[in-house]
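A.B. asks: Structure incoming, see below.
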Amino acid sequence: MSTPLLEVNDLKKHFPIRAGFLGGVTGHVYAVDGISFSIAKGETLSLVGESGCGKSTVGKAILRLFDITGGQVTLDGTRIDDMPAGTLRPLRRRMQVVFQDPYSSLNPRMRVRDILAEPIRNFGLAKDAADLEKRVGDLMDRVRLPRDAVGRWPHEFSGGQRQRIGIARALAAEPDLIICDEAVSALDVSVKAQIVNLLQDLQKELGLALLFISHDLAIVEHMTHRVAVMYLGKIVEVAPKRELFAAPKHPYTEALLSAVPVPEPGAQRERIILKGDVPSPINPPKGCRFHTRCPYAFDRCRQDEPALRQTEPGHWSACHLHDRPAAENPLAGAKGAALIAKH
Ligand code: SF4
């Protein structure tokens, strides 16, 4: 997993706020404010954070659903953020998306066969009608749905089955990268697990890269290689899954992890309840954006913005605590994710 398939460098998306009859710009929503990461071929990177942190905007920016404010997005060595729409078309095929809501993301007036055939036709992937039919059947097999269900309408399926159709539609284009934008959030717990398992299997079978956008760390724990944690438009920590879950290096990650149930019977994490709400992305706090809620904030945090830097090989964190002696850093070592015995 050494060659980056996707590289995002200093990505910014600021939405203008317009007011009044003439629609003059009165401010900006700093939805994404300078984030960088990469995803290797065949890798899963999970982008996690609370609702409104900007993670879905990142996915949409990569897919070029709107123009970005700044930064670069590179797919397999080709910069795509400034590419004209016509030139972008073949590269679009290589990046597909699965949305959160399996009810609204499928056209209710199309049978499953047509939903799956559409991207195959659009990208000219089938040799002839027989090849098209075979590809549609193969896609049904891939997502573990019966082939004879291709003649049915979306409303005839359960939520989990519809999400399987959404995944099959994404696979129809033969992508290298799938962006899963809260793809299992709307599903029941048991169905969630089935869809996560399916995505994992497909990744192994097809060598796909996944950008898995989720607010739920418990879900990503079982399926990701690395995790990037976002807070108010910034990435505050990136690390391999095991390292991040065992010893988070950022207070926000520590707080998110404290809410994740521990599988071992008789053990639990010490729950950290963050005070206050997430500040507005229209007027983010000066210094560290997390300082208004951070239990460890000190004077410097209110003035200087911490840079994302490597604290251990492959483990990056943006926090001034790393400049303090270990004895004064509550996140030094594995203390942040320490389990405490229930009894
Ligand atoms: Fe908390 Fe300060 Fe670290 Fe920000 S820089 S996470 S406020 S300790």
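A.B. asks: Under the condition of being under 18 Å from GLY34 (Cβ atoms) and buried (at least 17 other Cβ atoms within 10 Å of the Cβ), which residue from region 306-318 is nearest to the ligand (Cβ to nearest atom)?
C.D. replies: Within region 306-318, the match that is nearest to the ligand (Cβ to nearest atom) is PRO306.
A.B. asks: If you don't mind, there's one more thing I want to ask. From ARG147, ARG169, ARG142, which residue is surrounded by fewer than 20 Cβ atoms within 10 Å (Cβ to Cβ) and in contact with a Leu (Cβ under 9 Å, 6 or more places away or on another chain)? First the steps, then the outcome.
C.D. replies: Numbers: ARG147 fails: in contact with a Leu (Cβ under 9 Å, 6 or more places away or on another chain); ARG169 fails: surrounded by fewer than 20 Cβ atoms within 10 Å (Cβ to Cβ).
Just one listed residue meets the conditions, ARG142.
A.B. asks: Looking for whichever is part of a strand (DSSP E or B), open to solvent by 10 Å² or more (accessible area, probe 1.4 Å) and within 30 Å of PRO248 (Cα to Cα) here; the options are LYS60, LYS12. Which one fits?
C.D. replies: Numbers: LYS60 fails: part of a strand (DSSP E or B).
From the options LYS60, LYS12, the qualifying one is LYS12.
A.B. asks: Residues ARG121, ARG135: which one is modelled with pLDDT of 95 or more and either touching a strand residue (DSSP E or B) at 6+ places or on another chain (Cβ under 6 Å) or open to solvent by 80 Å² or more (accessible area, probe 1.4 Å) (or both)?
C.D. replies: ARG121 is the lone residue from the list that is modelled with pLDDT of 95 or more and either touching a strand residue (DSSP E or B) at 6+ places or on another chain (Cβ under 6 Å) or open to solvent by 80 Å² or more (accessible area, probe 1.4 Å) (or both).
A.B. asks: Confirm whether LEU274 is open to solvent by less than 50 Å² (accessible area, probe 1.4 Å), modelled with pLDDT under 95, within 24 Å of ALA31 (Cα to Cα) and within 15 Å of the ligand (Cβ to nearest atom).
C.D. replies: yes
A.B. asks: If you scan region 174-195, which residues turn out to be surrounded by fewer than 19 Cβ atoms within 10 Å (Cβ to Cβ) and either in contact with a helix residue (DSSP H, G or I) (Cβ under 6 Å, 6 or more places away or on another chain) or not charged (D, E, K, R) (or both)?
C.D. replies: We begin by selecting, within region 174-195, every residue surrounded by fewer than 19 Cβ atoms within 10 Å (Cβ to Cβ); these are 174, 185-186, 188-191, 193-194.
Answer for region 174-195, where residues must be surrounded by fewer than 19 Cβ atoms within 10 Å (Cβ to Cβ) and either in contact with a helix residue (DSSP H, G or I) (Cβ under 6 Å, 6 or more places away or on another chain) or not charged (D, E, K, R) (or both): SER185, ALA186, VAL189, SER190, VAL191, ALA193, GLN194.
A.B. asks: Does at least one position in region 293-304 carry a residue that is in contact (Cβ under 8 Å) with a residue 60 or more places away in the chain, more than 9 Å from the ligand (Cβ to nearest atom) and either under 26 Å from ILE219 (Cα atoms) or polar (S, T, N, Q) (or both)? If you could, list the steps in order and put the result at the bottom.
C.D. replies: Keep residues of region 293-304 that are in contact (Cβ under 8 Å) with a residue 60 or more places away in the chain, which gives none.
The answer is no; no qualifying residue exists.
A.B. asks: Any idea how many residues of region 235-256 are closer than 13 Å to VAL48 by Cβ, of a type outside the set (Asp, Glu) and within 14 Å of the ligand (Cβ to nearest atom)?
C.D. replies: 8
A.B. asks: Can you tell me which residues in region 125-141 are part of a loop (DSSP other than H, G, I, E, B) and free of Cβ contacts under 8 Å to residues at least 12 places away in the same chain?
C.D. replies: Matches in region 125-141: ALA126, LYS127, ASP128.
A.B. asks: Look at region 95-118 and say how many of its residues are part of a helix (DSSP H, G or I) and open to solvent by less than 70 Å² (accessible area, probe 1.4 Å).
C.D. replies: Total satisfying the criteria: 5.
A.B. asks: Within region 319-337, restricting attention to residues that are in a loop (DSSP other than H, G, I, E, B) and either aromatic (Phe, Trp, Tyr) or surrounded by 12 or more Cβ atoms within 10 Å (Cβ to Cβ) (or both), which residue is modelled with the highest pLDDT?
C.D. replies: Within region 319-337, the match that is modelled with the highest pLDDT is CYS319.
A.B. asks: So which residues in region 95-120 are within 18 Å of ILE213 (Cβ to Cβ) and in contact (Cβ under 8 Å) with a residue 12 or more places away in the chain, if there are any at all?
C.D. replies: Of everything in region 95-120, those that are within 18 Å of ILE213 (Cβ to Cβ) and in contact (Cβ under 8 Å) with a residue 12 or more places away in the chain turn out to be MET95, GLN96, VAL97, VAL98, PHE99, GLN100, ASP101, PRO102, SER105.
A.B. asks: Is it fair to say LEU198 is at pLDDT 95 or above and out of contact with any strand residue (DSSP E or B) (no Cβ under 8 Å at 6 or more places or on another chain)?
C.D. replies: Criteria met by LEU198.
A.B. asks: Conditions: (1) surrounded by 12 or more Cβ atoms within 10 Å (Cβ to Cβ); (2) modelled with pLDDT under 95. HIS343 meets all but one. Number of the miss?
C.D. replies: For HIS343, the exception is condition (1).
The values are calculated or read from the model by the stated rules, or taken from the named source; none is laboratory data. Here the structure is a predicted model, which is why all the values come from computation and not from measurement. Reconstructed Cβ throughout: ideal geometry from the backbone, glycine too, with neighbour counts over all protein chains shown. For the accessible areas, the whole protein counts, side chains as well, though only heavy atoms, and no ligand, DNA or RNA atoms are used. Shrake-Rupley method; radii C 1.70, N 1.55, O 1.52, S 1.80 Å.
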